[in-house]
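Okay, structure first, notes after.
Nothing in this text is a laboratory measurement; each read-out follows from the coordinates by a stated rule. Just so you know, these numbers come straight off a predicted model, no measurement behind them. We place every Cβ from the backbone using ideal geometry, glycine too, and count neighbours over all the protein chains shown.
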Amino acid sequence: MRSLLSALILTGCMAICVHAQTWNIDPAHTNAQFSVRHMGISTVRGSFTKVTGSVQYDAADVAKTKVDATIETSSIDTRVEMRDNDLRGPNFFDAGKFPAITFTSKRVATGSAGKLMITGDLTMHGVTKEVVLEADAPGTPVKDPKGNLHIGTSATTKINRHDFGVNGASTMVGDEVTITIDMELVQPAGK
């Protein structure tokens, strides 16, 4: 009886472990992009090139999914060095004082048409606000030649930069910022 109970517990644990998997954000294949209106006449696009973190993804029960991501503010790139330096400075992100933008999920729900709605705390410029990311549900994992598994997703949200204390050049730069994160997740072989 005892060995049967142990076997049932082990089988249950294995079933849970199969569903809840931890994936690492692959920094080489992940990018956090943003777009904002400039003077109300054009759209400026840029990205943060250094993104790290992890995702616990459960395809069978997305409510168990957890996301933790960190973006280095100094990695901002709009392809214009003078603008990038201004954005890193105290008028905008103040990267010396606030070196990271973080996102920590609080809950995940299924949305429409294969989307996931990821609600969590976005911390930027020392301010934390709840935001909702609309993300593509990751597809079937793909194995690379080394045996590592990979999945990918893309998530989008819109914020008002003033809500986070990013107030510089308010007459030149639009208030609403669209954020898109294209993320590749990797799970090393043997995990």
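Please find, among Ile179, Ile151, Ile118, the residue that is in contact with a Phe, Trp or Tyr (Cβ under 7 Å, 6 or more places away or on another chain) and within 16 Å of Ala59 (Cβ to Cβ). Step by step, each of Ile179, Ile151, Ile118 is checked, and only Ile151 is in contact with a Phe, Trp or Tyr (Cβ under 7 Å, 6 or more places away or on another chain) and within 16 Å of Ala59 (Cβ to Cβ).
Considering only the range 64-82, I want to know if a residue exists there that is under 17 Å from Thr157 (Cβ atoms) and of a type in the set (S, T, N, Q). Checked against the condition, which is being under 17 Å from Thr157 (Cβ atoms) and of a type in the set (S, T, N, Q), the range 64-82 yields at least one hit.
Checked against the criterion of being more than 17 Å from Gln33 (Cβ to Cβ) and in contact with a Gly (Cβ under 9 Å, 6 or more places away or on another chain), the candidates Asp84, Asp94, Asp58 yield just one match: Asp94. Filter the range 79-99 for residues that are crowded, with 16+ Cβ neighbours inside 10 Å and not charged (D, E, K, R); which is farthest from Pro27 (Cα to Cα)? Across the range 79-99, the extreme among qualifying residues is Phe92. Of the residues making up the range 45-67, just one is of a type in the set (D, E, K, R), in contact with a helix residue (DSSP H, G or I) (Cβ under 6 Å, 6 or more places away or on another chain) and part of a strand (DSSP E or B), namely Asp58.
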